[in-house]
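This report refers to the structure that appears directly beneath it.
Bear in mind these aren't lab numbers, they're just calculated from the coordinates by the rules spelled out. Because the structure is a prediction, the values reported are computed rather than measured. When we count neighbours, we look across all protein chains shown, and the Cβ atoms used for this are built from the backbone with ideal geometry, even at glycine.
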């Protein structure tokens, strides 16, 4: 492989208390490529983990309280580790990156932790988001676009779904499979593929809003900003 797919690549994923990036908390996180130097975190979010969230990722409030790092301390370490990796030239693969990186940004604000953007001295990146790329290169494929679905389409093994390490490594596998299937995409640099995704996310958000209007529905409030949603 050449371009961004040749690496270095690290995969990042979080498991959380819910889906609202402005309100929910990080419970676990992973950064690595399945080999030496990989990092995993378990955090005590400081509030009860809803049963519906536990049913997805399996982490209970009791486990987080007993074995998790204090949230602010853990968030600071996650951000520091990401900043070090990106500053050293690694591209970070995250499926639906806008969720994880926006939530991380809001956690930084909540705990008074210096943000990833501030630590990098500029925009967060480079990031490779297989969800954005898959929608870009195979726009009209029917069906859902979850990580489980993408893993099936690109024939990538997904271990225990909704485990931060398993999901991160599956996303990495999907990213590499995209590079194999679409050589023009693979030839881009990490910076170029990041910029492509910024444009693609805007286009995809506009297309979805237009679709909702055609259905007589009110589009959700989404400016298409990627990899971080605008702060409320």
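Computed quantities for the displayed model
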| quantity | calculated |
| --- | --- |
| DSSP bridge pairs, the chain: antiparallel proportion in percent, nearest 5 | 60 |
| Potential extension, residue 40-residue 52 segment - 0.36 nm per residue separation minus Cα distance | 2.1 nm |
| Length released on extending from residue 6 to residue 210, taking residue separation times 0.36 nm less the Cα-Cα span | 69.8 nm |
| Nearest-0.05 FRET efficiency for residue 88 and residue 198, computed from C-beta distance (R0 22 Å) | 0.50 |
| Label-point separation in nm, residue 218 to residue 157, each point 7 Å along Cα→Cβ | 4.8 |
| Sequence ranges 94-107, 115-128, 7-20, ranked by mean other-Cβ count within 10 angstrom, highest first | 94-107, 7-20, 115-128 |
| DSSP bridge pairs, the range 9-117: antiparallel proportion in percent, nearest 5 | 65 |
| Extension gain (nm, one decimal) between residue 22 and residue 141, 0.36 nm per residue minus Cα-Cα | 39.8 nm |
